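First comes the structure, then the notes that go with it.
The values are calculated or read from the model by the stated rules, or taken from the named source; none is laboratory data. Fair warning: this is a prediction, and the values are worked out from it, not measured in the lab. Here the Cβ is made from the backbone with ideal geometry for all residues, glycine too, and neighbour counts use every protein chain on show. Accessible surface areas use protein heavy atoms only, side chains included; no ligands, DNA or RNA. Shrake-Rupley method; radii C 1.70, N 1.55, O 1.52, S 1.80 Å.
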Amino acid sequence: MDGRRRHLWLIPVLLWCAVAALFAARLGGWTSDDFYITYRYARNLAQGHGFVFNPGERVFGTTDPGLGLLLAALHFVTRLPVPLLGAVVFSASLVGIAAIVLFEGWSRGHRIEPILGGSLLLISSYVWGNHGAAAPLVLLLLLLSAKLAERRMIAAGLLAGAAVWVRPDAAIGVALLALILLWKDKRMPWRFILASGAVVAAGLLSAWLYFGSPLPNTIGAKTDMAKAAVNPWSGVRFWPRAFVPIGRHFGAEWPVMLICGAAGLWPLAKRAGRPGLLLALFGLAMAVAYPLLGVPFFSWYILPCLIAAIYGLAFFAGWLAERAPSLRLP
């Protein structure tokens, strides 16, 4: 590939940046009320009241502590409204995810699938309906970690540990990445494990010293909510409840979309390097984890699953297109 074509992958990235900026400007300041819990923690910290919801009460009531810390730092530096910053971080994370998958696919000769997947991701009404959620930032950090692990194992571990700070369920992704590295490199990724473990341990210790609890109490609150409900949206009811908003956003064809998206996880894992493999496995793992945790359905819980399915749909289309001639009837 000559020098002029080498950087053509930047063109869709710039277009995605424009789309993300439009959405962020339009939606900044509006999102689900649950995310305002984290926003309030961030604002109070930036204004000197501590990392708390109510000044003077150290209760670990945010499931996204790392996102809260990041927003607090950005608010302190820029003085921009925290909800707007939340939209900016969300938008930038989506573009980052799309750019990583595009680069990985492009470098392996697969261009249309990651461009299609990234475009579908950036225009998804379901995704933008949950803007402000921490899941895209978690995915971005995990995919960056998977990419860096090829050459910089310690840096990869630090990023993976930071993902757990952002949201504790990212620990599943860190464990999956460690297994991927063990499988790919045929040796135990000790530097990755030690680096990520040190960051996670520092977060747990800091939370325990500050709040008196290493983990957010929101997990227990959500399971208690499910137990108290007559017909809870948890366990075996989790995904049937999830299909309601999925159908609302993806239309009557949503079952076909999910089936094709699931079928496309294999070509995604094969054609987008370690980040693609991690995205596919993490999406599947989260699809199983939340029903097993016994928490009620919330729309942002399944963002990693849907992002993986969106890319699976794009890569399934590419896989099918390659085999179209052989599928024709004689």
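Here is how the numbers come out for the structure above:
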read-out	value
Calculated [θ] (222 nm, deg cm²/dmol) that DSSP helices of n ≥ 4 give over the chain, each run adding -39,500 (n - 2.57)	-23500 deg cm²/dmol
More than 28 Å apart - percent of Cα-Cα pairs taken over the chain	42
Region 164-265, Rg to Rh (Cα coordinates; Rh as Kirkwood inverse mean 1/r)	1.10
Three-way shape call for region 240-330 based on the alpha-carbon gyration tensor, with the a/c threshold at 1.5	oblate
Simple spin-label estimate for residue 182 and residue 205 in nanometres, 7 Å along Cα-Cβ	2.5
The chain - accessible surface per residue (Å², probe 1.4 Å)	48
Rounded to 10°, Cα long-axis angle of helix 218-228 versus longest principal axis of the chain	90
Candidates 223, 62, 31: whichever shows maximal mean-square fluctuation once the chain is modelled as a Gaussian network with Cα springs under 10 Å	223
Over region 57-117, volume per residue of the alpha carbon convex hull, in Å³	116
Number of Lys pairs (Cα under 23 Å; 8 or more positions apart or on different chains) in the chain	5
